[in-house]
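Read the structure below first, then the notes.
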Amino acid sequence: MKGYTAKQLSKAGLIAAIYAGLTLATAGFSFGPTQLRVAEAMTLLPLLFPEAVPGLFVGCFLSNLIGGYGLVDAVVGSLATLAAALVTKRCKGPLTGGLPPVLINAVAIGILLKAVGAAEAALPLVMVQLAAEEAVSVYLFGLPLLGLLRRLPGQGGR
């Protein structure tokens, strides 16, 4: 996190805490082959805040370590979130910015769930289901969240 200000570090920590807390508070439907992780609405935050990238990574790591499939889920899930956040940060807007979390998570988490034996369906079906669930979180919950945050002073209209 070299080059981040104290304010940015604080914001990254807050994002991590909210992501992990929200995921664990909704653990009943945030983990498993069928998951609607409401905290994934936050995956659009890199469009506004560069410090959301490490915040999402840490939040995902912690929530998957505590409530997921253990260390393998913490590593794979958080690396997928990191990759998606890095790509989202470079996108022009929320519609294209939502695609990296949807696609990367569908592939990475689909493979993970099959590897740990948590998904019985064929891998392509698991990936399609995960993509649809992720799209709900990113677009149905994330777009309104992004709209609210854009109205904050100093956020501009990116």
Six or more apart or on different chains, Cβ under 9 Å: which pairs go from a residue in the stretch 65-90 that's under 15 Å from residue 105 (Cβ atoms) to one that's surrounded by 15 or more Cβ atoms within 10 Å (Cβ to Cβ) and among the acidic types (Asp, Glu)? Could you list them?
81/40
For residue 101, state whether it is open to solvent by less than 70 Å² (accessible area, probe 1.4 Å) and over 16 Å from residue 68 (Cβ atoms).
yes
Please go through (1) without any contact (Cβ under 8 Å) to a residue 60 or more places away in the chain; (2) open to solvent by 30 Å² or more (accessible area, probe 1.4 Å); (3) touching a Lys or Arg at 6+ places or on another chain (Cβ under 8 Å) for residue 150 and return the number of the only condition it doesn't satisfy.
(1)
Please identify the pairs in which a residue from the stretch 9-31 that is farther than 11 Å from residue 42 by Cβ has its Cβ atom under 6 Å from the Cβ atom of a residue that is of a type in the set (Val, Ile, Thr) and exposed (fewer than 14 other Cβ atoms within 10 Å of the Cβ), counting only partners at least 6 apart or on another chain.
none
Qualifying position, being modelled with pLDDT of 95 or more and touching a Phe, Trp or Tyr at 6+ places or on another chain (Cβ under 7 Å), among 80, 39, 52:
39
Would you confirm, using the coordinates I've provided, whether residue 20 is over 19 Å from residue 101 (Cβ atoms) and at pLDDT 95 or above?
no
Restricting attention to the stretch 105-120, does a residue exist that is open to solvent by 10 Å² or more (accessible area, probe 1.4 Å) and closer than 15 Å to residue 44 by Cα?
yes
When you look at residue 111, is it farther than 14 Å from residue 35 by Cβ and over 14 Å from the mean Cα position of the chain (by Cα), yes or no?
yes
Failed criterion for residue 14 (all others in (1) open to solvent by 60 Å² or more (accessible area, probe 1.4 Å); (2) within 18 Å of residue 113 (Cα to Cα) hold):
(2)
Quick one: is residue 65 at pLDDT 95 or above, within 15 Å of residue 19 (Cα to Cα) and open to solvent by 60 Å² or more (accessible area, probe 1.4 Å)?
yes
Of the residues in the stretch 25-37, those that are part of a helix (DSSP H, G or I) and crowded, with 17+ Cβ neighbours inside 10 Å come to 30
Being over 24 Å from residue 6 (Cα atoms), of a type in the set (Val, Ile, Thr) and within 10 Å of the chain's Cα centre (by Cα) is the requirement here; does residue 76 meet it?
no
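The values are calculated or read from the model by the stated rules, or taken from the named source; none is laboratory data. Worth saying up front: this structure is predicted, and the values here are computed from it rather than measured. For neighbour counting, all protein chains shown are included, and Cβ atoms are generated from backbone atoms with ideal geometry for every residue, glycine included. SASA here: full protein model, heavy atoms, side chains in, ligands and nucleic acids out. Shrake-Rupley method; radii C 1.70, N 1.55, O 1.52, S 1.80 Å.
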